[in-house]
Amino acid sequence: MSTPSLEIHPLSPARLPDFLHFFDGEAFVDNPRWSFCYCQCFYEDHTRIVWKDRTAGQNRAAACERVADGRMQGYLAYVDGRVAGWCNAAPRRLIRALDDEPIADADEVGAIICFLVAPPYRGRGVSTALLAAACEGLRAQGLRIAEANPRPNAATPADNHFGPLSMYLAAGFTVHRTDSDGSVFVRKVL
């Protein structure tokens, strides 16, 4: 039996059809209530839109527009040529939902927002490979820090969409702060 090949590629206009195919199908087979997102939640300014009123069509169209003009970034994981996972990682200035949580060094920070791995590929290192690619991609853009907000008490794969704390710690991230709700912010100097 051969070992599956894992490749990571940045999201680009040329890879948009792969992203859409993944989000239109396998991405949310075990969490269909989030299938309308197309990873747009954090790119939206929530002072201007009502997220719960957004439709899948609106979010899909927004993803297409953002990818076309470089306002959406992330990484696709391919196993044997098929998309198996996604990581949303971009300069913090593009992540408009974080505007209400200002930080002094925002222009130096890359935000790692979401991980989505199709069920058959979970537990096989896909998220770890996506995290490594995200950190390298953020560093290549001149960002100095990678930041994420994992939930240590995540009970389901959906709850764990920010990525597991243990993965970040193993990759050299350290806890930057802990919020009153128990969530943590981790950072890594790139």
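No lab work stands behind these numbers, since they all come straight from the coordinates. As the structure is a computational prediction, the values presented were derived from the model and not from experiment. As a convention, Cβ positions derive from the backbone with ideal geometry for all residues, glycine included, and neighbour counts pool all protein chains shown.
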Through the Karplus equation 6.51 cos²θ - 1.76 cosθ + 1.60, θ set to phi - 60°, convert the phi angles of the range 101-116 into ³J(HN,Hα) values in whole Hz; use x for Gly and Pro. 10, x, 10, 5, 9, 3, 6, 9, 10, x, 9, 9, 9, 9, 10, 9
The range 1-81: which trypsin sites (Lys or Arg not before Pro) are DSSP loop and have at most 10 other beta-carbon atoms within 10 angstrom? Arg48
Over the range 23-116, what is the relative contact order in whole percent, taking alpha-carbon pairs under 8 Å and six or more residues apart? 27
For a quick check, take a GNM of the chain with Cα springs below 10 Å and name the residue from Leu116, Leu169, Leu76 with the largest mean-square fluctuation. Leu169
Rounding to the nearest 20 debye, state how big the charge dipole of the range 116-162 is about its Cα centre with +1 on each Lys and Arg Cβ and -1 on each Asp and Glu Cβ. 80
For the charge dipole of the chain, defined by +1 on Lys and Arg C-beta atoms and -1 on Asp and Glu C-beta atoms about the Cα centroid, which residue among Gly57, Pro32, Ile8 has the Cα displaced farthest towards the positive pole? Ile8
Gap separating the Cα centres of the range 25-68 and the range 122-190, nearest whole Å: 21
Could you give each residue of the range 59-70 its phi-based ³J(HN,Hα) in whole Hz, using Karplus coefficients 6.51, -1.76, 1.60 with θ = phi - 60°, and x for Gly or Pro? 6, 5, 4, 5, 4, 4, 5, 5, 5, 4, 10, x
Specify whether the C-alpha gyration tensor of the chain places it in the rounded, prolate or oblate class, a ≥ b ≥ c being the square roots of the eigenvalues: rounded for a/c under 1.5, otherwise prolate if a/b is larger than b/c and oblate if not. rounded
Quick check for me: using +1 on Lys/Arg Cβ and -1 on Asp/Glu Cβ, what's the dipole size of the range 1-114 about its Cα centre, in debye to the nearest 20? 280
Using a Gaussian network model of the chain with C-alpha springs under 10 Å, which one of Tyr121, Tyr43, Tyr78 is most mobile by mean-square fluctuation? Tyr121
Tell me the mean residue ellipticity at 222 nm calculated for the chain from its helices only (DSSP H runs of n ≥ 4, each -39500 (n - 2.57), averaged over every residue, nearest 500). -7000 deg cm²/dmol
Please give the charge dipole size of the chain, origin at the Cα centre, charges +1 on K and R Cβ atoms and -1 on D and E Cβ atoms. Round to the nearest 20 debye. 160
Does the range 89-190 classify as rounded, prolate or oblate by the C-alpha gyration tensor (a ≥ b ≥ c root eigenvalues; a/c under 1.5 gives rounded; else a/b over b/c gives prolate, otherwise oblate)? oblate
Each residue of the range 8-15 in turn: what ³J(HN,Hα) in whole Hz from Karplus with 6.51, -1.76, 1.60 and θ = phi - 60°, glycine and Pro shown as x? 10, 9, x, 5, 8, x, 5, 9
For the chain: relative contact order, % (alpha-carbon pairs under 8 angstrom, 6 or more apart): 19
